[in-house]
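Reviewing the structure listed below.
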Amino acid sequence: MSERVVLLEPPVPSRGLLGDVSQFLLRRPEDATHVEIGDPAAREHYGLRIAHHLGTPVDDYEVLNIHRIGIDAPVDRIFEVIRSGAAATACWPNRLARLQRDADSATNARVNVLGLPFWSLFRLTEVELDDVGDGARKILFRCHGGYPIGIFAMLARPSYSELGEHRTSQFFFVVSFNFYGRPRWWGARVLHGMWESVHNRATGNILNRLRRLCEAART
């Protein structure tokens, strides 16, 4: 097993819109996180695993995007950090796409472009926060009211040394949806490619910052 790297300095929230562009879109992530799904067999494999762990199928969704990172912190600590709100402040590009909880509901949130209340990208409804078994935990959201109509989920589980996983936990960030609720239309393929190039760069940086935050939180 390789030597663990302990990161003690938490990420510093970016400053302003240009800071978000620099930190989340222009900067290359410290560690790559995107899970390649290059053929139908891989798509079926991951679809079955998602259905097993999250309890929801993704066969009807055109987009399936998965990111993964190892974190030297236990599963419960990772979810404590996420639920505390610290992750949204330090790890999310809030100037580009502000994540806001609804004041009248603990289970609903929305993502607004540049924080403008009249320009909503989409809404999230939390449908499940649960133990999955074997020490794993998940949060599952339904996406609606915007371009993604589908699911967004975060799942963390203990690492398995027999699979070559060297950090304490493995954290997964899963998005599966249809653009505007339609699985196939003339512009979907082009839009998917553009969306994924931006999403992968931003998500890679988000998860690397989350790892730093969780590992710093141990101390």
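Where a number appears in this text, it was derived from the coordinates with a stated rule and is not lab data. Not measured: the values here are computed from a predicted model. So basically every Cβ, Gly included, is an ideal-geometry build from the backbone, and we count neighbours across all protein chains shown.
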Item checked: Part-to-part distance (alpha-carbon centres) for segment 137-186 and segment 62-97, which is given in Å -> 11 Å
Next item on the list: Compute the relative contact order of the chain as a whole-number percentage, counting only Cα pairs closer than 8 Å that sit 6 or more residues apart in sequence.
Entry: 31 percent
Notebook entry, point to check: Can you give the Rg to Rh ratio for segment 1-127, taking only C-alpha atoms and Rh from Kirkwood?
Noted result: 0.98
Note to self: Suppose R0 equals 30 Å. What FRET efficiency, 1/(1 + (r/R0)^6) with r the Cβ-Cβ distance, do HIS192 and LEU26 give to the nearest 0.05?
What the structure shows: 0.85
Next item on the list: Could you sort 41-51, 80-90 so that the peptide with the highest average Cβ count within 10 Å comes first and the rest follow in order?
Entry: 80-90, 41-51
Next item on the list: Could you state, as a whole-number percent, how many of the C-alpha pairs of segment 81-162 are farther apart than 14 Å?
Entry: 68 percent
Margin query: Give me the base-10 log of I(q)/I(0) for segment 137-219 at each q in 0.19, 0.26 Å⁻¹, Debye formula, one uniform scatterer per Cα, rounded to two decimals.
Written below: -0.97, -1.30
Notebook entry, point to check: Taking the Cβ of ASN208 as the center, what net charge do the other residues with Cβ under 9 Å away carry, scoring Lys and Arg +1 and Asp and Glu -1?
Noted result: +1
Notebook entry, point to check: What dipole magnitude, in Debye to the nearest 20, does the chain give about its Cα centre under +1 on Lys/Arg Cβ and -1 on Asp/Glu Cβ?
Noted result: 740 debye
Item checked: Burial order of peptide ranges 142-148, 206-212, 128-134, 32-38 (average beta-carbon count within 10 Å, highest first) -> 206-212, 142-148, 32-38, 128-134
